[in-house]
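Structure first, then comments.
The values are calculated or read from the model by the stated rules, or taken from the named source; none is laboratory data. Being a predicted model, the structure only gives us computed values, none of them experimental. Counting neighbours? That spans all protein chains shown, and the Cβs are built from the backbone with ideal geometry, glycine included.
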Number of protein chains: 2
Amino acid sequence: MAEKKMVEAITSMEEDFAQWYTDVVKKAELIDYTSVKGCMVIKPAGYALWELIQRQLDERFKATGVQNVYLPLFIPESLLQKEKDHVEGFAPEVAWVTHGGLNELPERLCVRPTSETLFCDFYKNDVQSYRDLPKVYNQWCSVVRWEKETRPFLRSREFLWQEGHTAHATAEEAEERTIQMLNVYADFCEEVLAIPVVRGQKTDKEKFAGAKATYTIEALMHDGKALQSGTSHNFGDGFARAFGIQFADKDNALKYVHQTSWGMSTRIIGGIIMVHGDNEGLVLPPRVAPIQVCIIPIQQKKEGVLDKAYELRDRLSGAFRVKVDDSDKTPGWKFSEAEMRGYPIRIEIGPKDMEAGRCIICRRDTREKIEVDLGELETRVEEILTAMQREMLERARAHRDKNTFTAVNMEEFVRIFTEKAGFVKAMWCGDRACEDQIKEKLSVTSRCMPFEQEHISDTCVCCGKPAKKMVYWGRAY
Amino acid sequence: MAEKKMVEAITSMEEDFAQWYTDVVKKAELIDYTSVKGCMVIKPAGYALWELIQRQLDERFKATGVQNVYLPLFIPESLLQKEKDHVEGFAPEVAWVTHGGLNELPERLCVRPTSETLFCDFYKNDVQSYRDLPKVYNQWCSVVRWEKETRPFLRSREFLWQEGHTAHATAEEAEERTIQMLNVYADFCEEVLAIPVVRGQKTDKEKFAGAKATYTIEALMHDGKALQSGTSHNFGDGFARAFGIQFADKDNALKYVHQTSWGMSTRIIGGIIMVHGDNEGLVLPPRVAPIQVCIIPIQQKKEGVLDKAYELRDRLSGAFRVKVDDSDKTPGWKFSEAEMRGYPIRIEIGPKDMEAGRCIICRRDTREKIEVDLGELETRVEEILTAMQREMLERARAHRDKNTFTAVNMEEFVRIFTEKAGFVKAMWCGDRACEDQIKEKLSVTSRCMPFEQEHISDTCVCCGKPAKKMVYWGRAY
C-alpha cells in the first residue's frame with residue numbers, strides 16, 4: 001500500500017505548483033486531512049520537523065532572556081473587546097464557545113486567535129513596579145482562526161505557533177525588543193532553514209490589528225509568491241492604556257508599560273517545502289531534518305550486508321540523526337522514498353561496496369553520487385551536510401535575487417506581474433489608496449518597506465506623486 | 001512588593017493543608033488565577049518545571065518507539081458519539097463551540113477533553129495492512145473539561161498533558177504496551193520526581209470511559225490523600241469496532257486493531273508539591289528543579305564578592321542549572337525566597353568565606369549547612385544533589401509506608417479512615433455495591449488492585465463475602 005502510493009509520480013511543479021505542493025505534503029507524510037473541516041493532522045514526519053524548529057528557536061529565545069509560560073485557551077468576549085482595533089481585526093474569524101457541559105455560559109468565550117488580551121489581563125496584576133519589568137514571556141501553543149479557504153501548513157483553522165509577549169518600562173526598550181526578535185527569526189530562517197528573508201516594516205494597511213508598528217520577514221517561494229514568515233509587533237502603550245497596565249517608576253510616577261508581541265508558526269514548514277522542494281519531493285536542510293542520513297542496504301539478504309548497515313548507523317548516530325531502511329522493499333523503492341521524504345543524505349552499501357571498503361553517498365539537493373572510503377565516513381558525512389546547508393541557502397538566495405525586479409512606473413509594474421512572478425521593488429508615496437488600487441488590479445500587496453532602502457525612482461510607482469519609501473511588492477500566500 | 005509578599009509566612013500544613021498548598025503555589029510563583037474562570041496561568045517557574053518533566057518523559061517515550069504527532073483541538077459531536085461508554089463519560093463535561101466567525105456551525109464541535117475519537121478517525125484511514133502496525137503515537141497538548149470546583153494543577157478547566165494512542169495487530173501486544181507505558185510513568189515518578197507509587201489496576205467502577213482495563217499509579221500525599229498520577233488504558237477492540245478500524249493481516253483476513261491510550265498531566269506538579277513541600281515552601285527534587293543551585297553573595301557590595309559569585313556560577317553551570325541572586329534584597333530575604341522556591345542547593349559566599357577558601361552549602365530538604373572547600377565545589381554539589389534525590393524518595397516512601405494500614409473488617413476500616421489518613425489495604429469481593437457503599441459512607445474510593453497482591457483476610461472488608469482481590473483504598477484528590 002505504502003509502496004503503491006510512493007511510485008505514482010507527483011505532479012511536476014512546472015505543470016501545477018499548487019498540486020505539486022499538496023502531493024509533496026501528502027506523500028512525504030507530513031500532514032493529513034481530518035473529518036474536522038479545515039483542521040489537519042500533523043503526522044510523525046511533519047511533527048518531528050516542528051520539534052526541531054521549536055527546539056532551536058526556543059534556545060535562541062532563551063539566550064535573549066525569554067521565559068516560557070502558558071495562558072488559557074479561552075478569552076471572554078468582554079476581554080477581547082477592550083482594544084478597539086484588535087477586536088475589529090479578530091472578531092470576524094474566531095470560534096465561539098457558548099456551552100460548558102450542559103449549561104449555557106453567562107458570557108461567550110472565544111478560542112484564542114492570538115493572546116494579546118490575555119497577556120494584558122495578566123500583566124495588569126503582575127506588573128506593579130519598575131522592578132517587575134521587563135516581562136519577556138513566550139508560549140508555545142495552538143491558535144484558532146476560522147478561515148474559509150484552507151491549505152496544509154499555509155492556512156488552517158487551527159495551527160501551532162509560539163507567541164512572545166513582552167512589557168517594558170520605556171518605548172525605546174520595547175522598540176529594541178521588537179527589532180531584536182525580528183532578527184532572531186531572520187537569522188533562524190537563514191542559518192537553520194536555509195531560507196533567505198527580506199527584513200522590513202509593514203505598511204499601515206498590512207500591520208497587525210492594534211499594533212503601532214509591525215515588522216516582518218518575507219521569503220520568496222519557488223513559484224515566485226511571497227510568504228510572510230514571521231512578524232514582530234510594537235504596540236507602544238496602546239494596549240496598556242486600554243487595559244490599565246501601569247507601574248510605579250523609579251521616580252514614583254505611575255506610567256503605562258510599552259508592549260511587543262512576535263510569532264512564528266507551522267506555516268514556516270510550508271516555506272521549507274516551497275523554497276527547497278523539487279520534482280522528486282521534499283528537500284530538507286540538514287539542520288532541521290529529522291533524519292539526516294538514511295542508510296539503504298543493497299542485496300540485504302546477502303550475509304553481512306544488514307550488519308554492515310547497522311554498524312555504519314551506530315558509527316554515525318552519535319553525531320547525526322540516522323536510520324537504516326531495512327524494510328522488505330526493493331532498493332529502488334527505498335531510493336524514491338528517501339528522496340520523497342527529503343533526507344539530506346542517502347548511503348548505499350552492498351556486497352561489492354563492502355569488498356572495496358567504500359559506500360556511495362547520494363546528496364539529496366544535487367542528487368550527486370559520491371564514492372566514500374568507509375574509513376572517512378564520519379568526516380565526509382559532516383562535510384557534505386555542511387556544504388549542503390550552505391549551498392541550499394545560496395541557491396535559494398540566487399533564485400530570489402533572479403526573481404526580484406524593479407519598476408519605476410505602473411506600466412512596468414503591471415508588465416512584470418503579468419509576465420513574471422517574484423518580488424518587485426518600487427517606490428511608494430505612502431498613501432493607502434495606491435496600495436488598494438494595486439491590490440484590486442493585480443492581487444499584489446506591499447510585502448514590506450525593507451530596512452535596507454534603495455532609491456529606485458523619485459516618484460510613486462502608482463500615482464506618480466513624490467515617493468517616500470521603497471517597498472517590496474508581491475503576490476502572497 | 002515582591003519582597004513583601006515573600007515575608008508573610010505561609011499557612012503551616014498542620015494547620016490547614018489546603019491553604020498551605022494554595023500559599024505555596026502562589027508564593028513560589030508557579031501559577032496564578034485569571035479572569036477566565038477555572039483556568040490558570042502557568043508562570044515561568046511552573047512552566048520551567050513542566051518543561052523538564054516533558055523533556056525527560058518524552059525521551060523515555062521515544063526510547064520505546066513513540067512518535068509525536070498533533071491532532072485537531074475540536075471533535076465534531078457525531079464523532080464523539082461513536083463509542084457509547086466514552087460519550088457518556090465525557091459529554092457532560094465538555095465545552096461546545098457553536099459559532100465560527102459570524103456563522104452558526106452546521107454541527108457543534110467540542111473542545112477535546114481527550115482524543116481517542118480523533119485518533120480512531122485518523123487510524124481508520126491510516127491503517128490498512130499489518131505493515132502499517134503498530135502505530136505508537138503521542139501528542140503534547142492541552143485539554144478541556146468543564147469542572148465545577150477547580151484547584152491549581154489538581155483540577156482546572158484546561159490543563160496540559162500528553163496523551164499516547166496506539167494501535168496493534170494483536171490483543172497481547174496491546175496489553176503489553178499498556179503495561180509498558182504504566183511502568184514508564186512509575187519509573188519516571190520514582191527516579192525523576194522522587195515520588196513512590198503503587199502500580200495496579202482500576203476496578204470497573206473507576207476505569208476510563210470506554211476502556212476494557214485501566215491501569216494506574218497512585219501516590220500518597222503528605223496529608224494522607226491519594227493522587228492518581230498517571231493512567232494507561234487497554235481498549236481491546238471496542239473502539240476499533242465502533243469506528244471500523246480494520247487491517248488486512250498476513251493471512252489476508254480483515255481484523256480489528258487493538259488499542260491503548262495513556263496520559264500524564266500537569267496534575268503531577270501538584271503531586272511534587274504535596275509529597276515534598278514543607279512549611280518553608282516548595283522542595284524540588286534535583287532532577288526536575290529548573291534552578292538546582294542558587295548562589296547568594298553575602299555583603300555583595302564588598303569588593304570581589306559578586307565577581308566570586310559569578311565565577312562559581314560559571315564553574316558550575318556546565319553541569320548544573322545555576323543562578324546568582326544579585327538583586328538588592330538582603331541575604332535574609334534571599335534565603336527565604338530560595339527556600340520558598342524550592343531550589344535544592346543554596347550556596348552562601350561572602351568575604352570571610354573567600355578568605356578561608358570555602359563556601360556554605362545549604363541543602364533545601366534537610367536545611368543542613370555544609371562547609372565546602374572551594375576546590376571541591378563541583379564534586380560536593382554533585383554528591384549533595386545525588387544524595388538529596390535519593391533521600392527524598394526514601395523519605396517519601398517511609399512516609400507512605402507509615403501511613404499505609406490494613407483492615408480486615410468494616411469496623412477497623414471505618415476507624416482508620418476516621419482517626420487517620422492514608423492508604424488502607426483491604427480485601428474486596430469484586431462487587432460494585434461494596435465500593436458504592438464505602439464511597440457513600442466515607443468518601444473513600446478504591447484506588448487500585450495492586451499488581452503485588454497480598455492476602456489480608458479471606459473475606460470482603462465490606463460485605464464479608466469471599467474476597468477476590470486486595471485493594472488499596474483512600475481519599476483522593
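Helices (runs of 4 or more DSSP H) fully within segment B:363-477 that include at least 3 residues being closer than 26 Å to B:Asp187 by Cα and at pLDDT 95 or above: B:377-402. Remark: pairs (first residue in segment B:317-336, over 23 Å from B:Glu303 (Cα atoms); second residue surrounded by 17 or more Cβ atoms within 10 Å (Cβ to Cβ) and among the polar types (S, T, N, Q); Cβ separation under 7 Å; 6+ apart in sequence or on different chains) = B:Phe320/B:Gln292; B:Arg321/B:Gln292.
Taking the criterion of being buried (at least 18 other Cβ atoms within 10 Å of the Cβ) and more than 18 Å from B:Arg358 (Cβ to Cβ), the only residue of segment B:300-321 that qualifies is B:Phe320. Scanning segment B:90-107 for residues that are over 21 Å from B:Thr166 (Cα atoms) and under 32 Å from the mean Cα position of the chain (by Cα) turns up B:Ala91, B:Pro92, B:Glu93, B:Val94, B:Ala95, B:Trp96, B:Val97. Annotation: of all residues in segment A:177-208 being under 15 Å from A:Gly263 (Cβ atoms) and among the basic types (Lys, Arg), the one that is surrounded by the most Cβ atoms within 10 Å (Cβ to Cβ) is A:Arg177. Taking every residue in segment A:361-388 that is closer than 21 Å to A:Glu337 by Cα and not assigned by TED's automatic domain parsing to the domain that holds A:Glu190 and pairing it with any residue that is modelled with pLDDT of 95 or more and among the hydroxyl-bearing types (Ser, Thr, Tyr), at least 6 positions away or on another chain, the pairs with Cβ-Cβ distances below 7 Å are A:Arg364/A:Tyr343. Scanning segment B:430-466 for residues that are farther than 21 Å from B:His233 by Cβ and either crowded, with 19+ Cβ neighbours inside 10 Å or touching a helix residue (DSSP H, G or I) at 6+ places or on another chain (Cβ under 6 Å) (or both) yields B:Cys434, B:Ile438, B:Leu442, B:Val444, B:Cys460, B:Val461, B:Cys462, B:Cys463. Every listed requirement among (1) out of contact with any helix residue (DSSP H, G or I) (no Cβ under 6 Å at 6 or more places or on another chain); (2) surrounded by fewer than 20 Cβ atoms within 10 Å (Cβ to Cβ); (3) modelled with pLDDT under 95; (4) over 24 Å from A:Phe119 (Cα atoms) is met by B:Lys37 save one, (4).
Highlighted here are the strands (runs of 3 or more DSSP E) found entirely within segment B:25-90 that include at least 1 residues which are touching a residue at least 12 places away in the same chain (Cβ under 8 Å) and under 19 Å from A:Gln139 (Cα atoms): B:31-33, B:40-42. Once segment B:31-64 is narrowed to residues that are more than 22 Å from the chain's Cα centre (by Cα) and of a type outside the set (Ser, Thr, Tyr), the residue that is farthest from the other protein chains (Cβ to nearest Cβ) is B:Lys37. Here is the figure for segment B:83-100: residues that are surrounded by 15 or more Cβ atoms within 10 Å (Cβ to Cβ), under 25 Å from B:Ala240 (Cα atoms) and within 11 Å of another protein chain (Cβ to nearest Cβ) total 4. The residue of segment A:116-149 that is nearest to the other protein chains (Cβ to nearest Cβ), among those that are surrounded by fewer than 19 Cβ atoms within 10 Å (Cβ to Cβ) and assigned to a loop (DSSP other than H, G, I, E, B), is A:Gln128. Does segment A:101-115 contain any residue that is within 10 Å of chain B (Cβ to nearest Cβ), at pLDDT 95 or above and in contact with a Gly (Cβ under 7 Å, 6 or more places away or on another chain)? No: segment A:101-115 contains no residue that is within 10 Å of chain B (Cβ to nearest Cβ), at pLDDT 95 or above and in contact with a Gly (Cβ under 7 Å, 6 or more places away or on another chain).
Does A:Ile10 qualify as being β-branched (Val, Ile, Thr), within 25 Å of A:Cys189 (Cβ to Cβ) and buried (at least 19 other Cβ atoms within 10 Å of the Cβ)? No; evaluated as a whole, the condition is false for this residue. Taken over segment A:91-115, the criterion of being among the polar types (S, T, N, Q) and in a strand (DSSP E or B) is satisfied by A:Thr98, A:Asn103.
Could you please let me know if B:Lys323 is of a type in the set (D, E, K, R) and either at pLDDT below 95 or in a strand (DSSP E or B) (or both)? Criteria met by B:Lys323. Please tell me if B:Asp132 is in contact (Cβ under 8 Å) with a residue 40 or more places away in the chain and within 21 Å of the chain's Cα centre (by Cα). No, not satisfied.
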